[in-house]
Amino acid sequence: MARYLVTGCAGFLGSWISQALLERGEIVRGFDNFETGLKKNLAEINGRLDFVEGDLRDADAIARACEGVDYVLHQAALPSVPRSVKDPRTSHTANVDGTFNLLEGARAAGVKRIVYAASSSAYGNQPGFPRKETMVPMPIAPYPVQKLAGELYMRSYWQVYGLETVCLRYFNIFGPRQVPDSPYSGVMAKFALLMLSGEQPTIFGDGEQGRDFTYVANAVSANLLAMEAPAEKVAGRVFNIACGERHTLNETYKILAELAGFTQPALYGPERTGDIQNSLADITAAQDAFGYKPLIGFEEGLRRTVDWYKQQMKEAVPQNSLA
Ligand code: UD1
């Protein structure tokens with residue numbers, strides 16, 4: 001029976017991927033250092049996951065975690081464009097050195113395939129929509145540069161060492177378990193929490209920037225499909241994972257507010273440094289190579305997300321509270 005390693009298993013995507021694999025009856029090891037991952041994300045898989053606490057910057061630790069593993073789903077990263085602008089060195093060591101350590105560990109352990117969480121931010125602000133994988137990447141902030149370096153390393157390990165690697169360029173994944181209250185939180189989680197708490201979110205810029213927002217279940221299914229696809233269709237390749245639709249922040253704000261029962265308008269602030277204006281994916285390559293298709297659309301994803309945060313907030317009320 002195949003064995004799986006999920007890096008970043010306590011994170012937003014890693015925890016959902018680990019859970020999906022365990023629900024299929026697979027043997028799954030998880031690796032996380034809880035730098036951004038949360039213990040509570042492992043609650044539903046506790047006891048079933050072979051959990052290893054460790055840091056990707058520790059080459060020996062990740063090499064040991066790779067032993068006996070057939071497939072790796074590499075989700076661990078120190079995410080966020082603004083975090084990387086503020087502190088590029090820390091995110092560089094986690095994202096670039098960490099990915100390199102994983103590749104070395106995987107190569108030594110004879111891992112068959114790695115599916116890597118790449119980022120659509122690699123396209124940068126160049127003209128031309130929708131984004132196709134054949135475009136030359138033009139990353140701006142350190143974070144997309146780091147994620148792109150990981151992609152190039154993935155391709156190199158396929159070409160040079162025959163380790164099958166597949167890169168999935170995620171486009172703004174959102175949904176339950178995304179951390180909503182960090183200065184580096186994704187916009188969807190942040191806005192949902194603020195609105196449900198009765199606080200006014202701030203839109204950076206005029207709100208007309210657009211994103212190909214993608215519900216987390218779509219990214220989970222893409223990982224499972226990419227892991228199983230024949231090597232000749234996917235090895236050494238890069239794929240966009242998105243819905244193939246662009247939604248502006250102003251539009252997103254309106255729908256979120258409706259779902260959250262929030263009636264105040266947005267505040268507007270200065271544009272964020274290193275931000276890209278638009279993102280929209282062509283997803284035909286992933287469709288053709290491994291049958292990827294978005295399972296949950298934008299509005300349904302928003303509804304599920306707001307419902308989940310509502311539930312979380314209810315559960316956070318202390319047992320003996322009168323609220
Ligand atoms: C996101 C991901 C990044 C991924 C990239 C491409 C997060 C935290 N970042 O970056 O990992 O590589 O997509 O898939 O998920 N905004 C506001 N107000 C706020 C917060 C954000 O207006 O309070 C705006 C930002 O300026 C930006 C947009 O919302 O224009 C999206 O921001 P964010 O959710 O941080 O995502 P990206 O920077 O697009």
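Bear in mind that the values in this text are calculations on the coordinates, not laboratory data. Note that the structure is a prediction, hence the values are computed from the model and not measured. Here Cβ is always computed from backbone atoms with ideal geometry, including for glycine, and neighbour counts include all displayed protein chains.
Numbers at a glance
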item	result
Computed over the chain: relative contact order in percent, which uses C-alpha pairs under 8 Å that are six or more apart	17 percent
Relative contact order computed over the stretch 1-99 (Cα-Cα under 8 Å; 6+ residues apart), in percent	33 percent
Point-to-point label distance, Asp288-Lys86, nm (Cα→Cβ direction, 7 Å offset)	4.2 nm
Long-range HN-HN contacts of Arg169 with modeled amide H, under 5 Å	Ala118, Phe239, Asn240, Ile241
Packing-based ranking, highest mean first, of 232-240, 70-78, 57-65, 269-277 given that Cβ atoms within 10 Å are counted	70-78, 232-240, 57-65, 269-277
At R0 = 35 Å, FRET efficiency that the Cβ-Cβ distance of Arg24 and Phe129 yields, to 0.05	0.45
Value of [θ]222 nm, deg cm²/dmol, for the chain, DSSP H segments ≥ 4, -39500 (n - 2.57) each, nearest 500	-12000 deg cm²/dmol
Cα centre as origin, Lys/Arg/Asp/Glu Cβ charges: the chain dipole, Debye	120 debye
Estimated distance in nm for a label pair at Ala2 and Ala316, the labels positioned 7 Å out from Cα along Cα-to-Cβ	3.8 nm
Axial C-alpha extent at least 15 Å, average Kyte-Doolittle at least -1.0 - helices from the chain (DSSP)	12-23, 98-109, 142-161, 216-228, 249-260
Rg/Rh for the stretch 38-97, where both radii come from Cα atoms and Rh is the Kirkwood radius	1.02
Compactness relative to 2.2 N^0.38 Å, alpha carbon Rg of the stretch 57-125	1.20
Where the Cα pairs of the stretch 149-228 fall when distances are cut into 5 Å bins, in %	3, 12, 16, 18, 16, 12, 10, 7, 4, 2, 1
More than 18 Å apart - percent of Cα-Cα pairs taken over the stretch 82-171	46 percent
Selection of GluC sites (Glu not before Pro), the stretch 43-76, meeting DSSP coil and at most 16 other Cβ within 10 Å	Glu67
Mean projection area, nm², convex hull over Cα of the chain	16.3 nm²
D_trans [Stokes-Einstein, Kirkwood Rh over alpha-carbon pairs] for the stretch 218-323, 20 °C, 1.002 mPa s, µm² s⁻¹	125 µm²/s
5 angstrom amide H check on Phe51, placed H, neighbours 5+ away	Gly30
Ser197 paired with Glu300, simple spin-label distance in nm, labels 7 Å along Cα-to-beta-carbon	3.1 nm
Protection proxy ranking, peptides 121-130, 205-214, average beta carbon neighbours within 10 Å, highest first	205-214, 121-130
